[in-house]
1. Could you tell me whether the range 215-230 includes any residue that is in contact with a His (Cβ under 9 Å, 6 or more places away or on another chain), touching a residue at least 60 places away in the same chain (Cβ under 8 Å) and among the aliphatic types (A, V, I, L, M)?
2. Just to check your reading of the model, which residue among A121, A43 is within 28 Å of P191 (Cβ to Cβ), in contact with a Ser or Thr (Cβ under 6 Å, 6 or more places away or on another chain) and either open to solvent by 60 Å² or more (accessible area, probe 1.4 Å) or at pLDDT below 90 (or both)?
3. Among the residues that make up the range 152-160, is at least one of them touching a helix residue (DSSP H, G or I) at 6+ places or on another chain (Cβ under 7 Å) and either of a type in the set (F, W, Y) or more than 20 Å from A104 (Cα to Cα) (or both)?
4. Given the criterion more than 30 Å from G33 (Cβ to Cβ), open to solvent by 80 Å² or more (accessible area, probe 1.4 Å) and touching a Gly at 6+ places or on another chain (Cβ under 9 Å), identify the matching residue among R158, R163.
5. List every residue pair whose Cβ atoms sit under 8 Å apart, with the two residues 6 or more apart in sequence or on different chains, where the first one lies in the range 169-186 and is over 10 Å from V114 (Cβ atoms) and the second, anywhere, is loosely packed, with under 10 Cβ neighbours inside 10 Å.
6. Based on this model, can you work out whether A104 counts as under 21 Å from G233 (Cβ atoms), without any contact (Cβ under 8 Å) to a residue 24 or more places away in the chain and open to solvent by less than 20 Å² (accessible area, probe 1.4 Å)?
7. Among the numbered criteria (1) within 28 Å of L105 (Cα to Cα); (2) at pLDDT below 80, which single criterion is violated by G49?
8. Within the range 150-169, is there a residue that is modelled with pLDDT under 90 and in contact with a Cys (Cβ under 8 Å, 6 or more places away or on another chain)?
Amino acid sequence: MMRALLVRGMLAGLAAAALALVIAWLYGEPQVGHAIAFEEAKAHAEHAGHEPEVVSRTVQQTAGLITAMAVYGVALGGLFSIAFAFASGRLGRLGARATAALVALAGFVAIELVPFLKYPATPPAVGNPTTIGGRTALYFCMMALGVLATTAAVIVCRRLVPRLGAWNAVTVTAIGYAVLLAVVYRLTPKPDAIPEHFPATVLWNFRIASLGVQLVLWATIGLLFGYLTERAGARRRSLAPA
């Protein structure tokens, strides 16, 4: 069973990566091009030397982006199947589709949305290179906090349901979750990595595109994985002896 879930999750992740790749090409890559043009213009104005490209921009946009997205999608799909196996049967009477959708929503919030709200994505070739190590560490710490906070919220909500009912339990848990994140956001630092005079439209469009890529990935994996799992379960029940 676990092997079938892993294969199903990786296939769903590969399909999700294909859709996310289209979003990245249409909306993300143009903003990366604008950011690179800004950096080159700034270097020219400051009479700074232009660093040679280790990998050409064409390769980055095609083979590089395809490979990275495919590997990321397959890995994410495999991890999603493990999370689904852990959550299955522990969320009340939810079926395969509802469980997969809930796991996808929780994963997107914990891994993508929580760190994004504090440390949103910035285009490549933009920012102070001396702070990239610190910014990366802060981002992953926020991601780990998002996973822990979301897991704790699910556990607390389950325990509150018998006392408060489903609606009140979800409401109380959501408020507590928001308050916790607000405190954490207030206490954690936010390095300023955007250079002066960088186009705000380019930055905004890149961040929306980045978030959109992740949203498409998680939504596709959740919906497709749930559909395939539910169909496989129905097939097993139809083949079972009366």
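The values are calculated or read from the model by the stated rules, or taken from the named source; none is laboratory data. Because the structure is a prediction, the values reported are computed rather than measured. A quick note on method: Cβ atoms are made from the backbone with ideal geometry, for glycine too, and the neighbour counts reach across all protein chains shown. All accessible areas refer to the heavy atoms of the entire protein, side chains included, with ligands and DNA or RNA removed. Shrake-Rupley method; radii C 1.70, N 1.55, O 1.52, S 1.80 Å.
1. Narrowing the range 215-230 to residues in contact with a His (Cβ under 9 Å, 6 or more places away or on another chain): none.
No: zero hits.
2. Going through A121, A43 in turn, just one is within 28 Å of P191 (Cβ to Cβ), in contact with a Ser or Thr (Cβ under 6 Å, 6 or more places away or on another chain) and either open to solvent by 60 Å² or more (accessible area, probe 1.4 Å) or at pLDDT below 90 (or both): A121.
3. yes
4. Details: R163 fails: touching a Gly at 6+ places or on another chain (Cβ under 9 Å).
Only one candidate qualifies: R158.
5. Hits for this filter: A169/R163.
6. no
7. (1) is the only condition that G49 fails.
8. Within the range 150-169, one or more residues are modelled with pLDDT under 90 and in contact with a Cys (Cβ under 8 Å, 6 or more places away or on another chain).
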